[in-house]
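Notes to accompany the following structure.
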Amino acid sequence: MVRKVLTGDQRAFSQIIKETEGLVAQIIFKMIANSDDRKDLAQDVYLKVYQQLDRFRFQAKLSTWIGQIAYHTCLHHLERKKIALVPIGDSDREPSPGFSTPFENEIEGQLMREELSQLVASAMDQLNPIYRTLITLYHQEELSYSEIGQIVQLPEGTVKSYLFRARKALKAHVLRIYNTNIG
């Protein structure tokens, strides 16, 4: 498909966009809060992909390469806007003990799952852009540590470490929201 684009086949580029737009959207959505900026960045990403496609060396999956462009485009945007990438005083302390409620019936269970889903979504919004992105790439896009490392240009060990911290921070936010709502 890359070769077709390089020879002028515009439909092939449309196919590349169609196959990677979910990944690009996930990265941009998790890193950028402003919806107008998201739209502009999505266009910037695909403009860069088109302009740099001759530099693709087939050493990684095309989607990983495009994900990397999306990630770095977002990073540069955040740096230009002077938005902190890693929170000051990133919480390494243990949150209060978790909660566990046995589900007595399916309706109650469904309601609890929906409430927990809303709690997690709210807590995800409180994470810094990099942590949100890593959690999304791993748990929703189901990318491997290696693929994520290629996208964010970090060693696998660092990706694992950041994911551990991201999950820990997410848990702390969920518990904080939960305890606030019941308190």
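Just so you know, all these numbers are worked out from the coordinates, no wet-lab data involved. All values reported here derive from a predicted model rather than from experimental measurement. In this analysis, Cβ positions are derived from the backbone assuming ideal geometry, glycine residues included, and neighbour counts consider all displayed protein chains.
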- Query: Given C-alpha coordinates of the range 11-71, what is the ratio Rg to Rh with the Kirkwood estimate of Rh?
  - Reply: 0.96
- Task: May I ask you to list the residues of the range 144-176 whose amide nitrogen lies under 11 Å from a point 7 Å from Cα along the Cα→beta-carbon direction of I83?
- Result: none
- Message: List the pairs from K4/K48; K39/K81; K4/K81; K39/K168 whose alpha-carbon separation is above 25 Å, in the order I gave them.
- Response: K4/K81; K39/K168
- On the formula 1/(1 + (r/R0)^6), with r taken between the Cβ atoms of R176 and K39 and R0 of 45 Å, the FRET efficiency rounded to 0.05 is 0.90
- Given a Förster distance of 35 angstrom, what is the FRET efficiency for V120 paired with L62, based on the Cβ-Cβ distance and rounded to 0.05? 0.70
- Query: Given the C-alpha centroids of the range 125-151 and the range 38-84, what is the distance between them in whole angstrom?
  - Reply: 15 Å
- What is the packing order of peptides 131-144, 62-75, 158-171, taking the mean over residues of other C-beta atoms within 10 Å and listing the highest first? 62-75, 131-144, 158-171
- Go ahead and run the numbers for FRET between R3 and L47, Cβ-Cβ distance against an R0 of 22 Å, rounding to 0.05. 0.65
